[in-house]
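The values are calculated or read from the model by the stated rules, or taken from the named source; none is laboratory data. The shown structure was predicted, so the numbers you read here are calculated from the model rather than taken from an experiment. For neighbour counting, all protein chains shown are included, and Cβ atoms are generated from backbone atoms with ideal geometry for every residue, glycine included.
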Amino acid sequence: MTISSILAASLLITAFSFATAQDAPAPAPAKAPPAAQTPAAAAMEYCVFRTSKGDIVIELDRVKAPISVENFVQYVKDGFYNETVFHRVVAGFVIQGGGFDTKGVQKQTRTPIKNEWQNGLKNNRGTLSMARTPMPDSATSQFFINLKDNAALDTPRGGAAYAVFGKVISGMEVVDAIAAVPCVVKAPNPERSTPTEQILTVKAEMLTKEQAEAMAKAKAPAAPAAPAAPSAPAAPTAPKPTQS
């Protein structure tokens, strides 16, 4: 084989190797580790209002009222409701709180939220709704608890009704005790709804579902004891024989 043939063969091998290297598929890029997923929010959340009349345990419906619940929960977590009063009590209608401190000064709130009144929840006894001004989307921190089924509050007036976002699951006897406090007319409010005694929310705090259920169970009335079975009548005593 001549030198020129050897050189030609070497060039051919080199060219083939270069082409093969170019045509080889690039290695697949390493897969990025999966991003950590944020746990889905629970459908129901729970909190307790520890008042001067007793504890009120509340279930919050995040599915039906996500905006209202998020707003309310943030106020609870911020400690906003601690040392506030139930400033409005209308027997047979509602009790209202969440806006005034113990000196009767209205607290500074965050931006008003959208009214979720069309979520399917009704203003029935024991439910919580967002209080607001006549403007539909004006609710901030104040809320009320219905003392009876208030169908009128589900009827739109001025463009909207009142948005329900939760319900009392334990402590309605506390709510009723608050509603029983005598009230007077106090300017500038023309209705007889200002309590004659201060009804205080000492502290509001979030609960786990298990904690809420345990509190509700502890406050549930005990089942009446079954009546004792009547004792069997004593066997008659045989008469003693008489001596003759």
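Here is a yes/no grid of residues against (1) surrounded by fewer than 21 Cβ atoms within 10 Å (Cβ to Cβ); (2) not basic (Lys, Arg):
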residue	(1), (2)
Glu45	no, yes
Val48	yes, yes
Asp55	yes, yes
Leu60	no, yes
Lys64	yes, no
Val73	yes, yes
Lys77	yes, no
_segment 88-99 - residue that is of a type outside the set (D, E, K, R) and touching a Ser or Thr at 6+ places or on another chain (Cβ under 7 Å) and, of those, farthest from Pro188 (Cα to Cα)_ = Gly98
_Within segment 164-185, does at least one residue satisfy the condition of being small (Gly, Ala, Ser), within 16 Å of the chain's Cα centre (by Cα), within 17 Å of Leu60 (Cα to Cα) and in a strand (DSSP E or B)?_
yes
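Which of the residues belonging to segment 201-218 are out of contact with any Lys or Arg (no Cβ under 9 Å at 6 or more places or on another chain), touching a residue at least 24 places away in the same chain (Cβ under 8 Å) and either hydrophobic (A, V, I, L, M, F, W, C) or assigned to a loop (DSSP other than H, G, I, E, B) (or both)?
Let us first name the residues in segment 201-218 that are out of contact with any Lys or Arg (no Cβ under 9 Å at 6 or more places or on another chain), namely 207-218.
When the remaining residues are screened for being touching a residue at least 24 places away in the same chain (Cβ under 8 Å), the result is 207-209, 211-212, 215-216.
Scanning segment 201-218 gives Leu207, Thr208, Ala212, Met215, Ala216.
Any residue in segment 32-42 that is hydrophobic (A, V, I, L, M, F, W, C), over 31 Å from the mean Cα position of the chain (by Cα) and at pLDDT below 95? Step through it out loud before you land on a result.
Pass one, segment 32-42, residues hydrophobic (A, V, I, L, M, F, W, C): 32, 35-36, 40-42.
Filter once more, so that each one left must be over 31 Å from the mean Cα position of the chain (by Cα): 32.
Filter again for at pLDDT below 95, leaving 32.
Yes, because at least one residue in segment 32-42 is hydrophobic (A, V, I, L, M, F, W, C), over 31 Å from the mean Cα position of the chain (by Cα) and at pLDDT below 95.
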_Tell me the residue from Thr201, Thr155, Thr208, Thr196 that is at pLDDT 95 or above, at negative phi and surrounded by 13 or more Cβ atoms within 10 Å (Cβ to Cβ), please._
Thr201
_When you scan segment 158-179, do you find a residue that is among the aliphatic types (A, V, I, L, M), over 21 Å from Ser129 (Cβ atoms) and in contact (Cβ under 8 Å) with a residue 24 or more places away in the chain, even just one?_
no
*Please find, within segment 122-139, the residue that is surrounded by the fewest Cβ atoms within 10 Å (Cβ to Cβ) out of those that are out of contact with any helix residue (DSSP H, G or I) (no Cβ under 8 Å at 6 or more places or on another chain) and hydroxyl-bearing (Ser, Thr, Tyr).*
Thr133
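Do we have any residue at all in segment 100-108 that's farther than 14 Å from Ile199 by Cα, surrounded by fewer than 18 Cβ atoms within 10 Å (Cβ to Cβ) and touching a Ser or Thr at 6+ places or on another chain (Cβ under 8 Å)? Can you show your working first?
At the first step, the residues of segment 100-108 found to be farther than 14 Å from Ile199 by Cα are 105-108.
Still in the running and surrounded by fewer than 18 Cβ atoms within 10 Å (Cβ to Cβ): 105-108.
Next, from what is left, pick out any that are touching a Ser or Thr at 6+ places or on another chain (Cβ under 8 Å): 107.
Yes, some residue in segment 100-108 is farther than 14 Å from Ile199 by Cα, surrounded by fewer than 18 Cβ atoms within 10 Å (Cβ to Cβ) and touching a Ser or Thr at 6+ places or on another chain (Cβ under 8 Å).
Determine whether Val185 is in contact (Cβ under 8 Å) with a residue 60 or more places away in the chain and either buried (at least 18 other Cβ atoms within 10 Å of the Cβ) or touching a Lys or Arg at 6+ places or on another chain (Cβ under 7 Å) (or both). Quick ask: steps written out before the conclusion?
On the way: in contact (Cβ under 8 Å) with a residue 60 or more places away in the chain: no; either buried (at least 18 other Cβ atoms within 10 Å of the Cβ) or touching a Lys or Arg at 6+ places or on another chain (Cβ under 7 Å) (or both): yes.
No: the conditions fail for Val185.
Determine if segment 62-79 includes at least one residue that is more than 20 Å from Ser129 (Cβ to Cβ), charged (D, E, K, R) and modelled with pLDDT of 55 or more. Steps first, please.
Quick first cut of segment 62-79, residues more than 20 Å from Ser129 (Cβ to Cβ) only: 77-79.
Among the residues that remain, those that are also charged (D, E, K, R) are: 77-78.
Filter once more, so that each one left must be modelled with pLDDT of 55 or more: 77-78.
Yes, segment 62-79 contains at least one residue that is more than 20 Å from Ser129 (Cβ to Cβ), charged (D, E, K, R) and modelled with pLDDT of 55 or more.
Find the residue count for segment 47-75, including only residues that are of a type in the set (Val, Ile, Thr) and in contact with a Phe, Trp or Tyr (Cβ under 9 Å, 6 or more places away or on another chain).
First, pick out the residues of segment 47-75 that are of a type in the set (Val, Ile, Thr): 48, 51, 56-58, 63, 67, 69, 73.
This time we only want the ones that are in contact with a Phe, Trp or Tyr (Cβ under 9 Å, 6 or more places away or on another chain), so: 51, 56-58, 67, 69.
Qualifying residue count for the region: 6.
Yes/no per residue for (1) touching a strand residue (DSSP E or B) at 6+ places or on another chain (Cβ under 7 Å); (2) touching a residue at least 12 places away in the same chain (Cβ under 8 Å):
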| position | (1), (2) |
| --- | --- |
| Glu45 | yes, yes |
| Leu60 | yes, yes |
| Ala65 | yes, yes |
| Ile95 | yes, yes |
| Lys103 | no, no |
| Arg110 | no, yes |
| Gly126 | yes, yes |
| Pro136 | yes, yes |
